[in-house]
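Asks: The structure is given below, and queries will be raised subsequently.
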Amino acid sequence: MILLLVLACTIELRDVPCDTGAPGDGGGGDGGTPDGGGIDGGTTDGGGTTDGGTTDGGGTDGGTPTESAPVWLDVQPGGLFTCGLRTDDSLRCWGNDSEGQATPPGGAWLALATGYEHACALDASAAPTCWGRDDQGQASPPGGLVLGRIGAGGAHTCGLDASGALACWGRDAEGQSSPPGGDWAELVVGWAWGCAQAEASGPTCWGADDRGQVSGAPTEPLASWAAGLDHACGRRTDNTLVCWGADDRGQASPPPGQFAEVAAGADFSCALDLDGAITCWGADDHGQVRDAPGGTFARLRAHSGGRHACAVEVPDEVGGGARIQCWGLGGDGQATVPTE
């Protein structure tokens, strides 16, 4: 693959095929975990939502997913915003822009990663540029980095360079920006934690472990995986799914069957089966499960602090642009895909 893959917010260079305080429905904060706003410190049980759905800054949740024109290579949901990489290698973002997170730089880009209120992209030389909220240093990457993969959590960002070394920046109160040394092949970033995998080994995780999201990682090698707020789901080499961590909303109880890709949001998960159809499970307060679109898709995306998801349809032409669809929490316009 060579476009960047962000399973729950990690991306890999292009052929293409994510801490502030855990999110609430209406805003982020910086530290802690959800439940309505996410401020520094503390944690709360569950995924930080209440039953029955709500809005996020006014606006509606759920409903018919919106669909774009066929001009996209990839899409990355953030907290209350979404960004996409277009066929001309430019970036476009939509949704909440309170921290400048939906105002990307111009130019041509290889890959894209979204955090809760910040985002980063890799330029033609694979150097990262970030924008949006930066109160924890999450949008200030160290100089001199050349990355093959990049992912963003709530208020931290991590990358994997060509030598297999990890580099992280931003909030480190839970150890999420203090990755282990070693030679790594894969990287996935969750809300306040992350995991990397070496060849022929299972994931090694670090950071917040209040729900077993770090200590409960499987020992078997995974073909791919995605990290949410405090749970993760992975695809085994036989294409079946395994999940670990918090399961109070059913987000870590995957369906049987074989799947090609998996994505994890704050308190829900989705997967693409081998025919490209979407199945979701977990919290459904905002239609993030029930409103998943029908059709055939090539890629599936969610963010560890988000309650919406997006998918990239199979392109009409090999190597061409594709349409994207988004669904779930949408009060800030994060699930309303630009039509042009």
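Asks: Just for the range 115-125: of the residues that are open to solvent by 10 Å² or more (accessible area, probe 1.4 Å) and of a type outside the set (Ser, Thr, Tyr), which one is farthest from GLY148 (Cα to Cα)?
Replies: The extreme case among them is GLU117.
Yes/no matrix, rows are residues, columns are (1) among the aliphatic types (A, V, I, L, M); (2) open to solvent by less than 20 Å² (accessible area, probe 1.4 Å); (3) assigned to a strand (DSSP E or B); (4) touching a Pro at 6+ places or on another chain (Cβ under 6 Å):
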{"position": "PRO293", "(1), (2), (3), (4)": "no, yes, no, yes"}
{"position": "ARG301", "(1), (2), (3), (4)": "no, yes, yes, yes"}
{"position": "GLY305", "(1), (2), (3), (4)": "no, yes, no, yes"}
{"position": "THR339", "(1), (2), (3), (4)": "no, no, no, no"}
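Asks: Select from the range 134-148 the residues that are of a type in the set (Gly, Ala, Ser) and within 17 Å of SER163 (Cα to Cα) and write down the one among them that is surrounded by the most Cβ atoms within 10 Å (Cβ to Cβ).
Replies: Looking at the filtered set, the residue picked out is GLY148.
Asks: Sticking with this one: Which of the residues spanning the range 262-289 are outside any loop (DSSP other than H, G, I, E, B) and either of a type in the set (A, V, I, L, M) or surrounded by fewer than 24 Cβ atoms within 10 Å (Cβ to Cβ) (or both)?
Replies: Within the range 262-289, VAL262, ALA263, ALA264, ALA271, LEU272, ASP273, ILE278, THR279, TRP281 meet the criteria.
Asks: Still on this structure, I have one more. Only one of these is within 20 Å of GLY170 (Cα to Cα), open to solvent by 10 Å² or more (accessible area, probe 1.4 Å) and either touching a Cys at 6+ places or on another chain (Cβ under 7 Å) or of a type in the set (S, T, N, Q) (or both): VAL189, VAL214. Name it.
Replies: Unique residue meeting the criteria: VAL214.
The values are calculated or read from the model by the stated rules, or taken from the named source; none is laboratory data. Keep in mind that what you see is a predicted model, and the values were worked out from it rather than measured. In this analysis, Cβ positions are derived from the backbone assuming ideal geometry, glycine residues included, and neighbour counts consider all displayed protein chains. Surface accessibility is based on the protein's heavy atoms, side chains included, excluding ligands, DNA and RNA. Shrake-Rupley method; radii C 1.70, N 1.55, O 1.52, S 1.80 Å.
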